[in-house]
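Trainee: My questions all concern the structure below.
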Amino acid sequence: MWESMLKYQDLMWQSIGETFVMVGISILAALLVGLPLGTVLYFCRKGQLYENRSLSLTLNSIVNVVRSFPFLLLVVALIPVTRFLVGTSIGTLASTVPLSVVAIAYYARLVEQSLLEVPRGTIEAALSMGASKLELIFKFLYVEARSGLVLGLTASTISFISFSTVMGVVGGGGVGDFAIRYGYQRFENEVMAYAIVVMIVLVQLIQFTGSTVARLLDKR
């Protein structure tokens, strides 16, 4: 394995960089769109502050469809959208489109679940103090649910890394694509093992960091 590491170290660093780009943009999409979407899902639920059956049913259906869609088929189905948005359906940047779509739906559901764990009394207390909608969300809900939100983002990030391993089908690159092209297809088991070790290390670092941050934020 040591010889394989020296032989392919430049390609491995390039693959790690491609994985970071794909996962990084997906995380950004999850935060910018998935977090607000999950918040809307929470508020529109039956019995919640801004209950809206029609909107809740529509958004839940969309999220459920995206989450249940086989990822590889979703990548293919979104090729026209990807080409429209980034000008091409091949490459690392193009791979971020289907990954971002999945990231938004996946994290939105986790956000909704985290917010449901916030005690009802917190909302009632915020309203009794005259909190506006934005204050209710940012100063009460997100603060109370911050530990769960971080853990949800950590779990999502690990899932995004897993999804990114199949993006070689559209030339996305990444560690998974490196393992297939230079390990599996060339029958070099050492290269496969090298890539697997790198993936394990990345996942462990992310999980450790996320768990530590969540524990520090949890004031219960």
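The values are calculated or read from the model by the stated rules, or taken from the named source; none is laboratory data. Since we're looking at a predicted model, the values are computed, not measured. Every residue, glycine among them, receives a Cβ derived from its backbone with ideal geometry; neighbour counts consider all protein chains shown. These area figures cover heavy atoms from the full protein model, side chains too; ligands, DNA and RNA do not enter into them. Shrake-Rupley method; radii C 1.70, N 1.55, O 1.52, S 1.80 Å.
Trainee: From 68, 100, grab the single residue that is among the small types (Gly, Ala, Ser) and open to solvent by 60 Å² or more (accessible area, probe 1.4 Å).
Mentor: 68
Trainee: Answer yes or no as to whether residue 98 is more than 22 Å from residue 153 (Cα to Cα), in a helix (DSSP H, G or I) and not aromatic (Phe, Trp, Tyr).
Mentor: no
Trainee: Looking at 180, 196, 206, which is the one that is hydrophobic (A, V, I, L, M, F, W, C) and either open to solvent by less than 30 Å² (accessible area, probe 1.4 Å) or modelled with pLDDT of 90 or more (or both)?
Mentor: 206
Trainee: If you don't mind, there's one more thing I want to ask. Output the residue which, of all residues in the range 32-57 that are in contact with a Phe, Trp or Tyr (Cβ under 8 Å, 6 or more places away or on another chain) and not in a loop (DSSP other than H, G, I, E, B), is nearest to residue 142 (Cα to Cα).
Mentor: Per the criteria, the residue is 35.
Trainee: Has the range 127-142 got any residue that is closer than 26 Å to residue 32 by Cβ, surrounded by fewer than 17 Cβ atoms within 10 Å (Cβ to Cβ) and of a type in the set (Phe, Trp, Tyr)?
Mentor: yes
Trainee: Also: Failed condition for residue 82, given (1) open to solvent by less than 20 Å² (accessible area, probe 1.4 Å); (2) of a type in the set (Val, Ile, Thr); (3) within 12 Å of the chain's Cα centre (by Cα), with all others met?
Mentor: (3)
Trainee: Are there any pairs, at least 6 apart or on different chains, whose C-beta atoms fall under 8 Å, with the first in the range 128-148 and within 20 Å of residue 218 (Cα to Cα) and the second open to solvent by 100 Å² or more (accessible area, probe 1.4 Å) and not basic (Lys, Arg), and if so, which?
Mentor: Short answer, once both residue conditions are applied: 145/117; 148/117.
Trainee: Then there's this: Test each condition in (1) closer than 24 Å to residue 15 by Cβ; (2) surrounded by 14 or more Cβ atoms within 10 Å (Cβ to Cβ); (3) without any contact (Cβ under 8 Å) to a residue 40 or more places away in the chain for residue 88 and report the one that comes out false.
Mentor: Just one mismatch for residue 88, condition (2).
Trainee: If only one of 57, 73 is open to solvent by 80 Å² or more (accessible area, probe 1.4 Å), without any contact (Cβ under 8 Å) to a residue 24 or more places away in the chain and over 25 Å from residue 111 (Cβ atoms), which one is it?
Mentor: 73
Trainee: Same structure, new question: Sort through 54, 100, 61 and tell me the only one that's at pLDDT 85 or above and under 18 Å from the mean Cα position of the chain (by Cα).
Mentor: After ruling out the rest, the residue left standing is 100.
Trainee: Can you tell me which residue is most open to solvent (accessible area, probe 1.4 Å) among those in the range 109-119 that are under 19 Å from residue 36 (Cβ atoms) and not in a helix (DSSP H, G or I)?
Mentor: In this case the residue turns out to be 117.
Trainee: Can you run down the residue pairs with Cβ atoms below 6 Å, 6 or more apart or on separate chains, where the first is in the range 1-29 and part of a helix (DSSP H, G or I) and at pLDDT 90 or above and the partner is open to solvent by 20 Å² or more (accessible area, probe 1.4 Å) and not polar (S, T, N, Q)?
Mentor: From residues that are part of a helix (DSSP H, G or I) and at pLDDT 90 or above, the pairs are 29/104.
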